[in-house]
Amino acid sequence: MTDIPPLPETLQFTADGLIPAIAQQFDTGEVLMMAWMNKNSLAETLATGRICYWSRSRRSLWRKGDTSGHIQKLIELRYDCDADSILVLVDQSGAACHEGTRSCFTRRLEIDGSISEAETAYPTKIDESARQ
């Protein structure tokens, strides 16, 4: 790995040393996925410009796209006001989800409790009468 850039000391990692990271397509705003980062994956992401997460199941660094070819290039990285979540603005090539869809957020929970599938993570137009 290349030199590790300094990380803000204000970032709040869990007791396991992790922080949630939401990946969002930089130019469309589409929410693509949620994964975890640790200090090493975050540092590698900043140093290389390619998104690297921490795989909890494999207990190792996970460079997005190493096996699928669907890499995420870092455009910008932000963190929230509590410093306990990261927003990673990316340029996603291909599918972000391991199920082969563009986004992991395609299951829509309906008001009646049923589940439907959406093609993308873009919200459908909401009927104003349904908000009341």
Checklist entry - ³J(HN,Hα) across the stretch 69-82 via Karplus (A = 6.51, B = -1.76, C = 1.60, θ = phi - 60°), whole Hz, x for Gly/Pro? => result x, 8, 7, 10, 9, 6, 9, 7, 10, 10, 9, 7, 5, 8
Checklist entry - Which residues' amide hydrogens lie under 5 Å from the amide hydrogen of residue 13, considering only partners 5 or more residues apart or on another chain, with H built in the peptide plane? => result none
Item to check | Long-range amide H partners of residue 86 with built H, under 5 Å | outcome: 21, 22
Item to check | Potential lengthening between residue 108 and residue 11 on full extension [0.36 nm per residue; Cα-Cα distance subtracted] | outcome: 31.8 nm
Item to check | Residues residue 120 and residue 48, FRET efficiency given R0 of 41 Å [Cβ-Cβ distance, rounded to 0.05] | outcome: 0.90
Item to check | Cα-based Kirkwood hydrodynamic radius, the chain, one decimal, Å | outcome: 16.0 Å
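No value in this document is a laboratory result; all are computed from the given coordinates. All values derive from a computational prediction rather than experimental measurement. Heads up, the Cβs are rebuilt from the backbone with ideal geometry, glycines too, and the neighbour counts pull from every protein chain shown.
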